[in-house]
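**Q** This is the structure I have questions about; it appears just below.
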Amino acid sequence: MKTILVTGGAGFIGSNFVYYMLRTHPNVRIVVLDALTYAGNFQTLEPLLGQARFRFVRGDITDRAAVMRLFDEERFDAVVNFAAESHVDRSIDTPEVFLKTNVLGVQVLLDACRAHGNVRFHQVSTDEVYGDLPLDRPDLFFTEETPLRTSSPYSASKAGADLLTLAYYRTFGTPVTISRCSNNYGPYHFPEKLIPLMITNAMEGKKLPVYGEGKNVRDWLFVKDHCRAIDLILQGGRIGEVYNVGGHNERSNLEVVRAILHLLGKDDSDIIFVRDRPGHDLRYAIDPTKMRTELGWKPETTFETGLRQTVAWYREHRDWWEPVKSGAYLDYYKAHYGDA
Ligand code: NAD
Ligand code: TDX
């Protein structure tokens, strides 16, 4: 049995990864460490409680003593770090917490890996560390060699974490890998991000706020394809290497919103154009050649199929997202564990 620490496992991608790994690998046990910030939803992991191959620990990755204690208690074969402040708009309002969790938290995890026999560490990063590409150059893509050129406090903090991770490899020999993925979508996506916000707002008959003119382009990947990519990197990725993960699924924001409305059988009348995000990145586009040639990975879910499945999931899981939008989800953990 291999034990993997999944930090941030109560969030969107982390929880999908936990379910993916437990389903795919009968010899894997997962320990989730999650602070349950506003973005962590304990309800997502509740079905796993009591299962022998799963343990949930509430804790902050910046809490050095608590992290070291957990590493003393368990013998981790690998750590996969999803824990982060992840919303660009929030990083514009309150950068500090992004620097604290996304950079200092990663330092704590790297120190814990070092202090416990150089545990394998995988850092989940983002294509946003490369900055953006112009809209009129569809021939340009981010490769692993593209220079880091960040735009927001969020992406700057993620770039800081990447550099620190690589520095621990070079200086201390900590066995690290990094994946830089494009925009994910799918089940359990917190409804402050574009796709789940638009789906749930449309279902509630609310307005759909598109920033600027809706021309910015994102490269969308179904979350399960991202989980599989990380799994492959854990199994066969070269230590000290960065892997770009993305699916050549570029869409403008307006195209995405219209596709959602179409799937819900609604017209465009609730779309409103609102003030643009400061520093708004124009276009992200990943070149995933290294993932394909070294690890045999390619996305399995087209955008059309993935979006249809995602809209269907939100239709069938009002019990998941309505408490998130109302704030009631914050009580789930308390109901289970009290104030612990
Ligand atoms: P999310 O915001 O949905 O989840 C983050 C999780 O981390 C939450 O459960 C939260 O409670 C937890 N957390 C936050 N601060 C913590 C702390 N100090 N200690 C412990 N836990 C803490 O994020 P997500 O969208 O699932 O993203 C996961 C990771 O993937 C992030 O590192 C993000 O940068 C990266 N990423 C996300 C996307 C995307 O499209 N969502 C794309 C590429 C990379
Ligand atoms: O209400 C909105 N209206 C709108 O037009 C929101 C929330 C977003 N947008 C636009 C901004 C972006 O161009 O939609 C696009 C996607 O926005 P987000 O969902 O906030 O994602 P993005 O800023 O692209 O960042 C995401 O992908 C990379 C994740 O949140 C990051 O964690 C990840 O690293």
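FYI, it's all coordinate maths here, none of it is from the lab. Bear in mind that the values here come from a model prediction, so they are computed numbers and not experimental data. Here the Cβ is made from the backbone with ideal geometry for all residues, glycine too, and neighbour counts use every protein chain on show.
**Q** Once Lys and Arg get +1 and Asp and Glu get -1 on their Cβ, which of Gly50, Thr143, Tyr211 lies farthest toward the positive end of the dipole of segment 2-337?
**A** Comparing the listed Cα positions along the dipole, Gly50 ranks first.
**Q** Using only the Cα atoms of segment 2-337, what are the Rg and Dmax in Å?
**A** Cα radius of gyration and Dmax of segment 2-337 are 19.1, 58 Å respectively.
**Q** Let me ask you something else. Which one of Leu166, Asn249, Thr200 has its Cα pushed farthest toward the positive end of the charge dipole of segment 2-337, where Lys and Arg give +1 and Asp and Glu give -1 at the Cβ?
**A** Of the options given, the answer is Leu166.
**Q** Would you mind getting me the FRET efficiency between Asp89 and Ala65? Use the beta-carbon distance for r and R0 = 51 Å, nearest 0.05.
**A** Numbers: r = 32 Å, r/R0 = 0.63.
Working from the Cβ atoms, E equals 0.95.
**Q** Return a whole-number percent for the relative contact order of the chain, with Cα pairs under 8 Å and 6 or more residues apart as the contact set.
**A** Relative contact order comes out at 18 percent.
**Q** Right, another one. Quick one: Cα centre-to-centre distance for segment 56-103 and segment 191-236, in angstrom?
**A** What the calculation gives is 22 Å, centre to centre.
**Q** Provide the FRET efficiency to the nearest 0.05 for the Lys334-Thr289 pair, computing r from the beta carbons and using R0 = 45 Å.
**A** Efficiency for this residue pair is about 0.45.
**Q** For segment 290-337, taking Cα atoms only, what is the radius of gyration to one decimal and the Dmax to the nearest whole Å?
**A** Cα only, segment 290-337: 17.5, 48 Å (Rg, Dmax).
**Q** Can I ask one more? I'd like the Karplus ³J(HN,Hα) series for segment 312-321: coefficients 6.51, -1.76, 1.60, θ = phi - 60°, whole numbers in Hz, and an x wherever there's a Gly or Pro.
**A** 4, 4, 5, 5, 8, 10, 4, 5, 8, 8
**Q** I've got another one for you. Once you charge only the Cβ atoms, +1 for Lys and Arg and -1 for Asp and Glu, what is the size of the charge dipole of segment 182-241 about its Cα centre, to the nearest 20 debye?
**A** I would put it at about 100 debye.
**Q** Now for a different question. How much of the DSSP beta bridge set in segment 192-340 is antiparallel, as a percent to the nearest 5?
**A** Working: 3 of 8 bridges.
That works out to approximately 40 percent antiparallel.
**Q** Okay, moving on. Using θ = phi - 60° and the Karplus curve 6.51 cos²θ - 1.76 cosθ + 1.60, what whole-Hz ³J(HN,Hα) does each residue of segment 34-40 get, with Gly and Pro shown as x?
**A** 8, 7, 6, 6, 3, 8, x
**Q** List every residue whose amide H lies under 5 Å from the amide H of Arg29, counting only residues 5 or more places away in sequence or on a different chain, with H placed 1.01 Å from N in the peptide plane.
**A** The list, which skips near neighbours in sequence, is Lys2, Thr3, Ile4.
**Q** Also, quick follow-up: If I model a spin label as a point 7 Å beyond the Cα along the Cα-Cβ vector, how far apart are those points for His262 and Glu73 in nm?
**A** 4.9
**Q** Starting with the highest mean, order 280-289, 139-148 by the number of other Cβ atoms within 10 Å, averaged over the residues of each peptide.
**A** 280-289, 139-148
**Q** Give me Rg over Rh for segment 45-139, both radii from the alpha carbons and Rh done the Kirkwood way, two decimal places.
**A** 1.07
**Q** Now a separate question. About the Cα centre of segment 2-337, what is the dipole size in debye to 20, counting +1 per Lys and Arg Cβ and -1 per Asp and Glu Cβ, all else neutral?
**A** Dipole of segment 2-337, to the nearest 20 debye: 640 debye.
**Q** Another question about this same structure. Karplus couplings for segment 144-161 from phi (6.51 cos²θ - 1.76 cosθ + 1.60, θ = phi - 60°), rounded to Hz, Gly and Pro as x?
**A** Rounded to whole hertz, the list is 5, 8, 4, x, 6, 7, 7, 10, 10, x, 4, 5, 5, 5, 5, 5, x, 5.
**Q** Something else about it: Taking amide H atoms as placed 1.01 Å from N in the peptide plane, list the residues 5 or more away in sequence, or in a different chain, whose amide H sits under 5 Å from that of Tyr211.
**A** Amide H to amide H, under 5 Å and 5 or more residues apart or across chains, Tyr211 pairs with Val274.
**Q** With unit charges on the beta carbons (Lys and Arg positive, Asp and Glu negative) and the dipole taken about the Cα centre of the chain, which residue among Asn27, Thr37, Thr177 sits farthest to the positive side?
**A** Of the listed residues, the answer is Asn27.
**Q** For the cross-link pairs Lys206/Lys266; Lys100/Lys158; Lys193/Lys298; Lys207/Lys325; Lys193/Lys325, which exceed 20 Å when the distance is taken from alpha carbon to alpha carbon?
**A** Listed pairs above 20 Å: Lys193/Lys298.
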